[in-house]
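The values are calculated or read from the model by the stated rules, or taken from the named source; none is laboratory data. Because the structure is a prediction, the values reported are computed rather than measured. Note: ideal-geometry Cβ built from the backbone for every residue, glycine included; neighbour counts use all protein chains shown. Side chains included, ligands, DNA and RNA excluded: accessible areas come from the protein's heavy atoms. Shrake-Rupley method; radii C 1.70, N 1.55, O 1.52, S 1.80 Å.
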Amino acid sequence: MLIRNAPDLTENEVTHHGLYLRRREFLGATAGLGLTGLAGATSAASLTYAKGFSTTEKATSKEDVTSYNNFYEFGVDKGDPAQNAGRLKTRPWTVRIDGECEAPRTVDIDSLIKGAKLEERIYRMRCVEGWSMVIPWVGFPLKDLIASVKPTSKAKYVAFETLVRPSEMSGQAWNTLDWPYREGLRIDEATHPLTLMAVGLYGDALPNQNGAPLRLVVPWKYGFKGGKSIVRITLTDKQPATAWNRLAPREYGFYSNVNPAVDHPRWSQATERRIGEFRRRETLPFNGYGEYVADLYRGMDLKKNF
Ligand code: MTE
């Protein structure tokens, strides 16, 4: 597929900015990039920024991105995750990648980060509830991880499973959702260059409330597609069940592409409130990423496949 820059995307194709990663979790990763000077947990290293995919829109403040969250494993109010997620232990952590592939594997999160081509991607995020943010993620394309397990021709979908650990996830005492939180993508969506596995935020390690240590980011879909604290990624031949769709199938579809023309049964999706702004703004089809992704849905009825 031809990828061109949208007007709001940066032109600095290979500019090296100083992206500073201070946390222990990133030491292995930056070593993998061949960067030097990493003597301890407080060392800093610079990374290469993403090529062209980042928006130049003003990023939402770090304060808002890390304190206004949806992560029902830690409670249903926006402030609950920041308050309660500190108890989650994100090391050791392994991710199982299996299913319809020739080389299934279980990988330690630090080896995964170390071997990944990390980039910063500044993406819009539109929540199905009608608010949005602009978030500077650090991560790697999911397609790289999928390629590493050698998918078979039966790999038509990708299923994501996130952590179940009620002892550290206080919200899992309630059946708000049928734990684990599950999400899914079609294989062409999962291997699209925009689809990111995030391991960092604002140049630092991913805070627990944002989905540490590994979280899916699909910027043209509603935010709930981005499962947090992922432990398993399975290639399948059938469309996987997803948490919100199972709970309320009339309200939350499998595709959940951002679409101002298809209202949620209980509210309009035409506009959104950008966190930090006063006036509502218009919601864009595919959250403004249409020129990259609209082709994936050619010929599909997006009202039916909401
Ligand atoms: N992932 C898990 N495991 N549990 C959740 O409750 N909430 C989703 C998504 N991923 C959720 C999740 C929803 S509804 C949104 S809008 C985004 O995470 C919010 O991401 P943020 O809190 O980092 O902004």
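For the range 59-197, what is the convex hull volume of the alpha-carbon atoms per residue, in Å³?
Details: hull volume 17.8 nm³, N = 139.
Convex hull of Cα atoms, per residue: 128 Å³.
Once neighbouring chains are kept in place and the probe is 1.4 Å, which whole percent of the accessible area of the range 162-306 is contributed by carbon and sulfur? That fraction is 52 percent. Taking amide H as placed 1.01 Å from N in the peptide plane, T191 has no amide H partner under 5 Å among residues 5 or more places away or on another chain. Treating r as the C-beta distance of N305 and R246 and R0 as 22 Å, the FRET efficiency rounds to 0.80. Scanning residues 5 or more positions from V199 or on other chains, those with amide H under 5 Å from its amide H are V138, G139, F140, with H placed 1.01 Å from N in the peptide plane. Between R91 and D178, the modelled label-to-label distance comes to 3.6 nm, taking each label 7 Å out from Cα in the direction of the beta carbon.
Evaluate E = 1/(1 + (r/R0)^6) for Q239 and E129, where r is the Cβ-Cβ distance and R0 equals 22 Å; express this FRET efficiency to the nearest 0.05.
Values: r = 24 Å, r/R0 = 1.10.
Between Q239 and E129 the formula returns 0.35.
Across the range 181-293, Cα-Cα distances exceeding 20 Å account for 48% of all pairs. Here's the list of aspartates and glutamates a cross-link from K58 could span, going by alpha-carbon distance under 20 Å and ignoring same-chain residues fewer than 8 apart: D8, E11, E13, E119, E120, D204, E272, E277, E282. Compared with the alpha-carbon gap, the fully stretched path from H264 to L284 is longer by 5.7 nm at 0.36 nm per residue.
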